[in-house]
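**Q** Got a structure for you, written out below as C-alpha coordinates; questions coming shortly.
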Amino acid sequence: MRNELLPDQETLATLEAFAVDLASGAGRLIVTERPAELGVGTKSTDTDVVTEMDERAQEYLLGRIERMHPDDGVLGEEDGGSLSAGSSGLTWVLDPIDGTVNYLYGRDDFAVSVAVVVGDITTPGAWWPVAGAVAAPARGVTFHARADNGAFVVDRMGRRRRLTASSASELSQSLVATGFGYASEVRAQQASVVAALLPQVRDIRRGGSAALDTCDVAAGYLDAYYERGVHAWDIAAGRLVAEESGAIVTGVSAAAPLADGILVAAPRLHGALQETLMALPNDGMMSSQ
Ligand code: IPD
(Lines give C-alpha, C1' and ligand atoms only; values in the text may rest on other atoms or scores of the structure.)
Protein backbone atom coordinates (compact mmCIF):
# COMPACT_ATOMS: atom_id res chain seq x y z
CA MET A 1 0.00 0.00 0.00
CA ARG A 2 2.77 2.47 0.99
CA ASN A 3 4.58 1.94 -2.31
CA GLU A 4 1.41 2.52 -4.35
CA LEU A 5 0.88 5.88 -2.63
CA LEU A 6 4.51 7.02 -2.74
CA PRO A 7 5.23 10.04 -4.98
CA ASP A 8 8.23 9.78 -7.35
CA GLN A 9 11.70 10.75 -6.10
CA GLU A 10 11.66 14.13 -7.87
CA THR A 11 8.42 15.11 -6.13
CA LEU A 12 9.75 13.74 -2.84
CA ALA A 13 12.93 15.81 -3.17
CA THR A 14 10.82 18.96 -3.61
CA LEU A 15 8.64 18.07 -0.62
CA GLU A 16 11.71 17.35 1.51
CA ALA A 17 13.33 20.68 0.59
CA PHE A 18 10.09 22.49 1.44
CA ALA A 19 9.81 20.64 4.77
CA VAL A 20 13.39 21.68 5.63
CA ASP A 21 12.65 25.29 4.70
CA LEU A 22 9.42 25.30 6.72
CA ALA A 23 10.93 23.70 9.82
CA SER A 24 14.05 25.87 9.81
CA GLY A 25 12.02 29.03 9.11
CA ALA A 26 9.70 28.30 12.03
CA GLY A 27 12.75 27.37 14.13
CA ARG A 28 14.30 30.80 13.48
CA LEU A 29 10.98 32.47 14.29
CA ILE A 30 10.57 30.85 17.70
CA VAL A 31 14.12 31.76 18.69
CA THR A 32 14.47 35.27 17.28
CA GLU A 33 10.96 36.50 18.08
CA ARG A 34 10.54 34.93 21.50
CA PRO A 35 9.37 37.76 23.75
CA ALA A 36 10.96 38.43 27.13
CA GLU A 37 7.59 37.72 28.76
CA LEU A 38 6.30 34.60 27.02
CA GLY A 39 2.51 34.23 26.96
CA VAL A 40 1.68 30.75 28.29
CA GLY A 41 -1.59 28.81 28.48
CA THR A 42 -2.44 25.20 29.34
CA LYS A 43 -4.14 22.37 27.43
CA SER A 44 -4.97 18.83 28.64
CA THR A 45 -3.62 19.35 32.18
CA ASP A 46 -2.02 22.17 34.20
CA THR A 47 1.44 20.98 33.12
CA ASP A 48 0.61 20.63 29.39
CA VAL A 49 1.64 24.09 28.24
CA VAL A 50 1.18 26.02 25.04
CA THR A 51 3.03 29.28 24.44
CA GLU A 52 2.18 32.18 22.18
CA MET A 53 5.16 31.08 20.04
CA ASP A 54 3.64 27.60 19.46
CA GLU A 55 0.65 29.43 18.01
CA ARG A 56 2.71 31.87 15.95
CA ALA A 57 4.89 29.08 14.57
CA GLN A 58 1.82 27.08 13.60
CA GLU A 59 0.31 30.11 11.82
CA TYR A 60 3.59 30.60 9.95
CA LEU A 61 3.63 26.93 8.85
CA LEU A 62 -0.05 26.87 7.88
CA GLY A 63 0.22 30.10 5.90
CA ARG A 64 3.14 28.84 3.82
CA ILE A 65 1.56 25.40 3.23
CA GLU A 66 -1.75 26.92 2.19
CA ARG A 67 0.00 29.17 -0.33
CA MET A 68 2.24 26.45 -1.83
CA HIS A 69 0.08 23.33 -1.41
CA PRO A 70 -3.58 24.45 -1.19
CA ASP A 71 -4.91 20.95 -2.01
CA ASP A 72 -3.01 19.12 0.72
CA GLY A 73 -4.48 18.15 4.10
CA VAL A 74 -3.05 19.47 7.38
CA LEU A 75 -2.93 18.09 10.91
CA GLY A 76 -1.34 20.48 13.40
CA GLU A 77 -0.93 20.13 17.15
CA GLU A 78 -2.24 23.58 17.96
CA ASP A 79 -5.57 23.03 16.17
CA GLY A 80 -6.42 20.61 18.96
CA GLY A 81 -5.46 17.81 16.61
CA SER A 82 -8.31 18.37 14.16
CA LEU A 83 -7.54 17.24 10.64
CA SER A 84 -8.24 19.53 7.71
CA ALA A 85 -8.58 17.04 4.87
CA GLY A 86 -7.19 17.80 1.42
CA SER A 87 -7.78 16.36 -2.03
CA SER A 88 -4.18 15.67 -3.13
CA GLY A 89 -3.54 12.54 -1.05
CA LEU A 90 -0.79 14.34 0.91
CA THR A 91 -1.19 15.49 4.53
CA TRP A 92 1.18 17.83 6.35
CA VAL A 93 1.63 16.84 10.00
CA LEU A 94 2.96 19.70 12.11
CA ASP A 95 4.30 20.18 15.60
CA PRO A 96 5.24 23.88 15.77
CA ILE A 97 7.18 23.35 19.01
CA ASP A 98 7.82 19.83 20.20
CA GLY A 99 9.39 19.98 23.64
CA THR A 100 7.39 23.02 24.68
CA VAL A 101 8.33 22.57 28.34
CA ASN A 102 12.04 22.71 27.41
CA TYR A 103 11.34 25.83 25.33
CA LEU A 104 9.53 27.44 28.24
CA TYR A 105 12.45 26.81 30.60
CA GLY A 106 15.13 27.95 28.13
CA ARG A 107 16.48 24.42 27.64
CA ASP A 108 17.91 23.44 24.24
CA ASP A 109 15.91 20.35 23.30
CA PHE A 110 12.91 21.73 21.47
CA ALA A 111 12.16 21.35 17.79
CA VAL A 112 9.82 22.19 14.94
CA SER A 113 8.57 19.00 13.30
CA VAL A 114 7.17 19.04 9.76
CA ALA A 115 6.21 15.85 7.92
CA VAL A 116 4.24 15.10 4.82
CA VAL A 117 2.48 11.75 4.89
CA VAL A 118 0.41 9.51 2.62
CA GLY A 119 -2.48 7.29 3.72
CA ASP A 120 -5.00 7.76 6.51
CA ILE A 121 -3.33 9.76 9.29
CA THR A 122 -6.15 8.90 11.72
CA THR A 123 -5.44 5.13 11.60
CA PRO A 124 -2.24 3.60 13.03
CA GLY A 125 -0.58 1.41 10.44
CA ALA A 126 -2.39 3.13 7.55
CA TRP A 127 -0.12 6.15 7.02
CA TRP A 128 3.51 6.63 6.06
CA PRO A 129 5.67 9.77 6.26
CA VAL A 130 7.30 10.35 2.85
CA ALA A 131 9.31 13.52 3.54
CA GLY A 132 10.03 15.48 6.69
CA ALA A 133 12.29 17.71 8.73
CA VAL A 134 12.94 18.31 12.42
CA ALA A 135 14.64 21.65 13.11
CA ALA A 136 16.34 22.06 16.48
CA PRO A 137 17.37 25.73 16.40
CA ALA A 138 19.09 25.78 19.81
CA ARG A 139 21.24 22.82 18.71
CA GLY A 140 21.83 24.55 15.37
CA VAL A 141 20.79 21.53 13.31
CA THR A 142 17.96 20.28 11.12
CA PHE A 143 17.34 16.57 10.61
CA HIS A 144 15.65 15.60 7.35
CA ALA A 145 14.72 12.67 5.14
CA ARG A 146 12.60 11.52 2.26
CA ALA A 147 11.44 7.98 1.59
CA ASP A 148 14.08 5.59 0.25
CA ASN A 149 16.87 8.18 0.20
CA GLY A 150 18.55 8.04 3.62
CA ALA A 151 18.49 10.33 6.65
CA PHE A 152 20.60 13.45 7.07
CA VAL A 153 21.42 16.25 9.46
CA VAL A 154 22.51 19.70 8.32
CA ASP A 155 24.16 22.26 10.60
CA ARG A 156 24.23 26.08 10.63
CA MET A 157 27.22 26.11 8.28
CA GLY A 158 25.29 24.02 5.75
CA ARG A 159 27.41 20.92 6.43
CA ARG A 160 25.37 17.80 5.75
CA ARG A 161 25.96 14.35 7.25
CA ARG A 162 24.24 11.03 6.57
CA LEU A 163 22.80 9.36 9.68
CA THR A 164 23.10 5.71 10.65
CA ALA A 165 21.45 4.15 13.69
CA SER A 166 23.79 2.51 16.18
CA SER A 167 24.99 -1.08 16.01
CA ALA A 168 23.86 -1.77 19.59
CA SER A 169 22.55 -5.27 20.14
CA GLU A 170 22.79 -5.82 23.91
CA LEU A 171 20.04 -4.33 26.04
CA SER A 172 22.39 -4.11 29.03
CA GLN A 173 24.72 -1.85 27.00
CA SER A 174 21.99 0.36 25.52
CA LEU A 175 21.10 3.98 26.15
CA VAL A 176 17.32 4.17 26.02
CA ALA A 177 15.16 7.29 26.05
CA THR A 178 11.52 7.58 26.96
CA GLY A 179 8.94 10.27 27.61
CA PHE A 180 5.95 10.83 29.85
CA GLY A 181 2.44 12.08 29.27
CA TYR A 182 0.90 15.06 31.04
CA ALA A 183 -1.76 13.27 33.14
CA SER A 184 -0.51 12.15 36.56
CA GLU A 185 -2.24 8.72 36.48
CA VAL A 186 -0.57 8.00 33.13
CA ARG A 187 2.80 9.16 34.49
CA ALA A 188 2.47 6.82 37.47
CA GLN A 189 2.11 3.86 35.09
CA GLN A 190 4.95 5.05 32.89
CA ALA A 191 7.15 5.38 35.99
CA SER A 192 6.54 1.74 36.89
CA VAL A 193 7.66 0.65 33.41
CA VAL A 194 10.83 2.78 33.63
CA ALA A 195 11.58 1.46 37.13
CA ALA A 196 11.52 -2.09 35.81
CA LEU A 197 13.53 -1.27 32.68
CA LEU A 198 16.27 0.81 34.33
CA PRO A 199 18.19 -2.12 35.92
CA GLN A 200 18.28 -3.87 32.53
CA VAL A 201 19.85 -1.10 30.40
CA ARG A 202 22.99 1.07 30.38
CA ASP A 203 20.93 4.11 31.31
CA ILE A 204 17.70 6.00 30.69
CA ARG A 205 17.30 9.50 29.21
CA ARG A 206 14.24 11.77 29.24
CA GLY A 207 15.01 14.48 26.70
CA GLY A 208 11.59 16.14 26.56
CA SER A 209 11.04 16.15 22.80
CA ALA A 210 9.76 13.03 21.07
CA ALA A 211 10.72 14.50 17.68
CA LEU A 212 14.35 14.85 18.82
CA ASP A 213 14.39 11.49 20.61
CA THR A 214 13.50 9.76 17.33
CA CYS A 215 16.15 11.75 15.41
CA ASP A 216 18.70 11.02 18.14
CA VAL A 217 18.20 7.30 17.56
CA ALA A 218 18.82 7.95 13.86
CA ALA A 219 22.06 9.77 14.71
CA GLY A 220 23.27 7.12 17.17
CA TYR A 221 23.05 9.59 20.09
CA LEU A 222 20.62 7.07 21.60
CA ASP A 223 20.21 3.36 20.95
CA ALA A 224 16.43 3.40 21.38
CA TYR A 225 13.41 5.47 22.37
CA TYR A 226 9.94 4.34 23.37
CA GLU A 227 6.86 6.13 24.62
CA ARG A 228 3.18 5.36 24.91
CA GLY A 229 0.74 8.23 24.49
CA VAL A 230 2.58 10.26 21.84
CA HIS A 231 0.66 11.81 18.96
CA ALA A 232 1.24 11.65 15.22
CA TRP A 233 2.53 15.26 15.14
CA ASP A 234 5.20 14.48 17.78
CA ILE A 235 6.84 11.73 15.76
CA ALA A 236 5.75 11.83 12.08
CA ALA A 237 8.94 13.49 10.76
CA GLY A 238 11.27 11.81 13.27
CA ARG A 239 9.82 8.42 12.43
CA LEU A 240 10.92 8.84 8.81
CA VAL A 241 14.37 10.14 9.78
CA ALA A 242 14.78 7.09 12.06
CA GLU A 243 13.52 4.60 9.46
CA GLU A 244 15.83 6.06 6.82
CA SER A 245 18.80 5.73 9.21
CA GLY A 246 18.20 1.99 9.46
CA ALA A 247 16.41 2.07 12.83
CA ILE A 248 13.27 -0.03 13.24
CA VAL A 249 10.05 1.80 14.13
CA THR A 250 6.97 0.00 15.47
CA GLY A 251 4.41 0.36 18.24
CA VAL A 252 5.69 -0.53 21.72
CA SER A 253 4.21 -4.01 21.49
CA ALA A 254 2.21 -3.78 18.26
CA ALA A 255 3.65 -3.83 14.75
CA ALA A 256 2.17 -0.48 13.69
CA PRO A 257 3.69 2.76 14.99
CA LEU A 258 1.17 4.50 17.29
CA ALA A 259 -1.05 1.42 17.64
CA ASP A 260 0.23 1.49 21.24
CA GLY A 261 2.82 4.24 21.28
CA ILE A 262 6.13 4.10 19.48
CA LEU A 263 9.33 2.10 19.76
CA VAL A 264 12.32 3.29 17.74
CA ALA A 265 15.45 1.19 18.08
CA ALA A 266 18.74 0.29 16.46
CA PRO A 267 18.06 -2.64 14.14
CA ARG A 268 19.86 -5.30 16.19
CA LEU A 269 18.33 -4.10 19.46
CA HIS A 270 14.69 -3.68 18.50
CA GLY A 271 13.54 -7.29 18.98
CA ALA A 272 15.05 -7.68 22.47
CA LEU A 273 13.76 -4.31 23.67
CA GLN A 274 10.27 -4.94 22.35
CA GLU A 275 10.16 -8.34 24.05
CA THR A 276 11.37 -6.79 27.32
CA LEU A 277 8.85 -3.95 27.22
CA MET A 278 6.02 -6.37 26.49
CA ALA A 279 6.92 -8.37 29.60
CA LEU A 280 6.93 -5.33 31.91
CA PRO A 281 3.97 -4.07 34.00
CA ASN A 282 1.62 -2.98 31.29
CA ASP A 283 0.61 0.57 30.64
CA GLY A 284 -1.46 -0.61 27.70
CA MET A 285 -4.36 1.74 28.49
CA MET A 286 -2.24 4.43 26.88
CA SER A 287 -2.59 4.24 23.18
CA SER A 288 -1.96 7.22 20.99
CA GLN A 289 -3.14 9.59 18.27
C1 IPD B 1 5.69 16.32 24.16
C2 IPD B 1 7.15 15.94 23.99
C3 IPD B 1 7.58 15.00 25.10
C4 IPD B 1 6.73 13.76 25.14
C5 IPD B 1 5.26 14.12 25.27
C6 IPD B 1 4.86 15.07 24.14
P7 IPD B 1 4.93 18.74 23.29
O8 IPD B 1 5.26 17.15 23.09
O9 IPD B 1 7.37 15.34 22.75
O10 IPD B 1 8.92 14.57 24.94
O11 IPD B 1 7.12 12.98 26.23
O12 IPD B 1 4.50 12.95 25.20
O13 IPD B 1 3.50 15.42 24.30
O14 IPD B 1 3.79 18.81 24.28
O15 IPD B 1 6.17 19.36 23.83
O16 IPD B 1 4.60 19.21 21.92
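**Q** State, as an integer percentage, the relative contact order of the chain based on alpha-carbon contacts under 8 Å between residues 6 or more apart.
**A** 17 percent
**Q** Once you have a ≥ b ≥ c as the square roots of the Cα gyration tensor eigenvalues for the range 34-190, tell me rounded if a/c is under 1.5, and otherwise prolate or oblate according to whether a/b is larger than b/c.
**A** rounded
**Q** Once every DSSP H run of n ≥ 4 in the chain is given -39500 (n - 2.57) and the sum is divided by its residues, what mean residue ellipticity at 222 nm do you get, rounded to the nearest 500 deg cm²/dmol?
**A** Rounded to the nearest 500, the figure is -10500 deg cm²/dmol.
**Q** Compare the peptides 113-121, 55-63, 234-242, 101-109 by average per-residue count of other Cβ atoms within 10 angstrom and give them in order, highest first.
**A** Sorting 113-121, 55-63, 234-242, 101-109 by mean packing, highest first, produces 234-242, 113-121, 55-63, 101-109.
**Q** Relative to the present Cα-Cα distance, how much length would full extension add between R206 and D155 at 0.36 nm per residue of separation?
**A** Length gained between R206 and D155: 16.0 nm.
**Q** Let me ask something else. Just the accessible area per residue of the range 78-199, please: how many Å² with a 1.4 Å probe?
**A** It amounts to 41 Å² per residue over the range 78-199.
**Q** A further question follows. Out of the total accessible area of the range 87-209 (probe 1.4 Å, heavy atoms of protein only), what percent is carbon and sulfur?
**A** 49 percent
The values are calculated or read from the model by the stated rules, or taken from the named source; none is laboratory data. It should be emphasised that the depicted structure is a prediction, and the values quoted were computed from it without experimental measurement. FYI the Cβ positions are ideal-geometry reconstructions off the backbone, even for glycines, and counts take in every protein chain you see. Ligands, DNA and RNA are stripped out before the accessible areas are found, and what is left, the full protein with its side chains, is counted by its heavy atoms. Shrake-Rupley method; radii C 1.70, N 1.55, O 1.52, S 1.80 Å.
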